[in-house]
Amino acid sequence: MASIEDLKRQAGVLAVEAIRSGMVVGLGSGSTARYATLRLAEKLRGGALRDIIAIPTSVETATLAQQEGIPLTSLEAHGEIDITIDGADEVDPGLNVIKGLGGFLLREKIVAHATRFEIIVVDDSKLVERLGTKSPVPVEVIRFGWRNTQRALEATGAKAVLRQVSGAPYITDEGNHILDCRYPGIASPRELAAQINAIPGVVENGLFLGMVQRVVIASAAGVRTIER
């Protein structure tokens, strides 16, 4: 039986089949999206794809892409992205997702917003009937006054916890904090997203709603694809 890592690799490989030569490609972050980046690099080296330029969603992904020889560009140079392949922390039946446990939600959402066709690659443990069932909603906030922002987020019904690494507050690529907001399931994701974004100090939230066109799912039964 294939390991979950091998299934993630298979999902990443399958997702890359949607990429065509000459495209601008968004490179996601996280363990499953990493396999897609590695597969893209392999196809470029082998000549199966040509004239690809990529926009990474994190410093981590940019470093990997550079190591693998993938040409990089920026949104300033290329404001529209043909395809982005990224991971997610939860996926509901409508292909709405929660992202951000890896810490890159702000750049990921900016890239997703600029993308014509967003592909999410996950293992089947990330599938839920209702968002917020397993994963908190990461919220990126500025450091100034973050405790006030935390209190305002808790007024939306969340238990909001400052993310820490090795005993110190986690700092995003853009120099911000993340508050992980756990809800007892989210009845109305769009309403909640609007409430969160209206709070002063909030930069962005991890609810990616109506932004995903395809999900590639790895499970013990194999790899399958669903589309919106």
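The values are calculated or read from the model by the stated rules, or taken from the named source; none is laboratory data. Predicted model only: the values in this text are computed from it and were never measured. Here the Cβ is made from the backbone with ideal geometry for all residues, glycine too, and neighbour counts use every protein chain on show.
Evaluated against (1) crowded, with 21+ Cβ neighbours inside 10 Å; (2) under 17 Å from the mean Cα position of the chain (by Cα); (3) in contact (Cβ under 8 Å) with a residue 60 or more places away in the chain, Thr84 falls short on exactly one condition, (3). All of Ala36, Ala18 fail the test of being under 16 Å from the mean Cα position of the chain (by Cα) and either in a helix (DSSP H, G or I) or more than 15 Å from Thr73 (Cβ to Cβ) (or both), apart from Ala36. When region 77-111 is filtered for residues that are in a helix (DSSP H, G or I) and either outside the structural domain of Val13 (by TED's automatic domain parsing) or closer than 21 Å to Lys8 by Cα (or both), the ones remaining, listed by number, are Leu105, Glu108. Any chance region 61-76 includes a residue that's touching a residue at least 60 places away in the same chain (Cβ under 8 Å) and buried (at least 19 other Cβ atoms within 10 Å of the Cβ)? Looking through region 61-76, none of the residues is touching a residue at least 60 places away in the same chain (Cβ under 8 Å) and buried (at least 19 other Cβ atoms within 10 Å of the Cβ).
For (1) crowded, with 19+ Cβ neighbours inside 10 Å; (2) in the same structural domain as Val91 (by TED's automatic domain parsing); (3) of a type in the set (Phe, Trp, Tyr), each residue gets a yes or a no:
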position: Asn148; (1), (2), (3): no, no, no
position: Thr156; (1), (2), (3): no, no, no
position: Lys159; (1), (2), (3): no, no, no
position: Gln164; (1), (2), (3): no, no, no
position: Tyr170; (1), (2), (3): no, no, yes
position: His177; (1), (2), (3): yes, no, no
position: Arg182; (1), (2), (3): no, no, no
position: Ala198; (1), (2), (3): no, no, no
position: Gln213; (1), (2), (3): no, yes, no
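Take the conditions under 18 Å from Asp123 (Cα atoms) and hydrophobic (A, V, I, L, M, F, W, C) and apply them to Ala15. Does it pass? Here the answer is yes, as Ala15 does meet what is asked. One residue alone among Leu106, Leu127, Leu95 is over 18 Å from Arg182 (Cα atoms) and surrounded by fewer than 22 Cβ atoms within 10 Å (Cβ to Cβ), and that residue is Leu95. Looking at region 200-210 only, could you name the residues that are under 17 Å from the mean Cα position of the chain (by Cα) and surrounded by 20 or more Cβ atoms within 10 Å (Cβ to Cβ)? Result: Glu204, Asn205, Gly206, Leu207, Phe208. If the condition is being touching a residue at least 12 places away in the same chain (Cβ under 8 Å) and farther than 20 Å from Val111 by Cα, then region 197-211 contributes Ile199, Pro200, Gly201.
Within region 13-56, the residues that satisfy the criterion of being more than 20 Å from Arg107 (Cα to Cα) and crowded, with 24+ Cβ neighbours inside 10 Å are Ala15, Val16, Leu40. Tallying residues that are within 18 Å of the chain's Cα centre (by Cα) and either farther than 16 Å from Glu118 by Cβ or buried (at least 18 other Cβ atoms within 10 Å of the Cβ) (or both) within region 215-228 yields 4.
Here is a yes/no grid of residues against (1) out of contact with any Cys (no Cβ under 7 Å at 6 or more places or on another chain); (2) of a type in the set (Phe, Trp, Tyr); (3) in contact (Cβ under 8 Å) with a residue 12 or more places away in the chain; (4) within 29 Å of Gly222 (Cα to Cα):
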residue	(1), (2), (3), (4)
Asp92	yes, no, yes, yes
Phe117	yes, yes, yes, yes
Val161	yes, no, yes, no
Cys181	yes, no, yes, no
Pro189	yes, no, yes, no
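Here's the yes/no breakdown for (1) of a type in the set (Lys, Arg); (2) under 27 Å from Ile171 (Cβ atoms):
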position: Arg20; (1), (2): yes, no
position: Leu44; (1), (2): no, no
position: Ile53; (1), (2): no, no
position: Ser58; (1), (2): no, yes
position: Leu64; (1), (2): no, yes
position: Pro71; (1), (2): no, no
